[in-house]
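The values are calculated or read from the model by the stated rules, or taken from the named source; none is laboratory data. In this text the structure is predicted, and so the values were computed from the model without any measurement. Cβ: placed from backbone, ideal geometry, glycine included. Neighbour counts: every protein chain shown.
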Amino acid sequence: MQTTFEPRDLVLRDGRHVRVRAVLPSDDEEILQAFDHLSPQARYTRFMTTVQNANVERLRERLASFPAKGLAIAATVPASDGIDIVGTASFMVVAEGGACEFAISIVDDWGGAGLGRQLMEALIDAARRRGLARMHGFVLSTNRAMLRLAERLGFAVNADPDDFSIRIVTLAL
């Protein structure tokens, strides 16, 4: 079952405003621009490896898979060229029985203002409305901010039995 994502305007803890909406295949250039604004540490935290350049082909394949295989949402702000994407969150349905895997990325200048929490709450709500049973993600054990957020949102945090540097966070929807 697919659901649509209703756009919404949010105010962050620091007073900045963002518009959250579903990602479109035509957002690829804005997503690439957002990638360029991630620090090397933010890229490492998100991709769990050193990444210097975006994989454009993989990005476009992933964008084309939504909404059939999942959902991606973006936080946007006005910019001189139209909009800038300052954060994204997505889930992909990964198994029969209603499991999905999430990913989230926040541009460095927008971290610490509650954007990650608001994107995750919107993503969890959308997964529930889609009828999914559980959401999980893989988080570096050194990514304390994401682990704290996951715990505050009700995710169980467990060690990955195959990799001590990874934590698997799981939420029953």
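Before moving on, here are some points about what is shown:
- Spans of helices (runs of 4 or more DSSP H) in the range 1-66 with at least 3 residues touching an Asp or Glu at 6+ places or on another chain (Cβ under 8 Å): 28-36, 56-65
- Residues of the range 34-67 that turn out to be without any contact (Cβ under 8 Å) to a residue 60 or more places away in the chain and either closer than 21 Å to V94 by Cα or surrounded by fewer than 16 Cβ atoms within 10 Å (Cβ to Cβ) (or both), as a count: 22
- Looking only at the range 114-137, residues that are of a type in the set (G, A, S), over 19 Å from K69 (Cα atoms) and either in contact with a strand residue (DSSP E or B) (Cβ under 7 Å, 6 or more places away or on another chain) or surrounded by 19 or more Cβ atoms within 10 Å (Cβ to Cβ) (or both) come to 1 in all.
- Scanning the range 6-18 for residues being free of Cβ contacts under 8 Å to residues at least 60 places away in the same chain and either buried (at least 17 other Cβ atoms within 10 Å of the Cβ) or touching a strand residue (DSSP E or B) at 6+ places or on another chain (Cβ under 8 Å) (or both) gives a total of 3.
Let's see how each residue does on (1) modelled with pLDDT of 95 or more; (2) under 12 Å from I104 (Cβ atoms):
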{"position": "L140", "(1), (2)": "no, no"}
{"position": "L153", "(1), (2)": "yes, yes"}
{"position": "D163", "(1), (2)": "no, no"}
{"position": "A172", "(1), (2)": "yes, no"}
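- Taken residue by residue, the range 165-173 has no member that is surrounded by 20 or more Cβ atoms within 10 Å (Cβ to Cβ), assigned to a helix (DSSP H, G or I) and of a type outside the set (D, E, K, R).
- Flag if G154 is loosely packed, with under 13 Cβ neighbours inside 10 Å and within 14 Å of F102 (Cβ to Cβ): yes
- Taken over the range 26-46, the criterion of being in contact with a strand residue (DSSP E or B) (Cβ under 9 Å, 6 or more places away or on another chain) and of a type in the set (A, V, I, L, M, F, W, C) is satisfied by I31, A34, F35, L38, A42.
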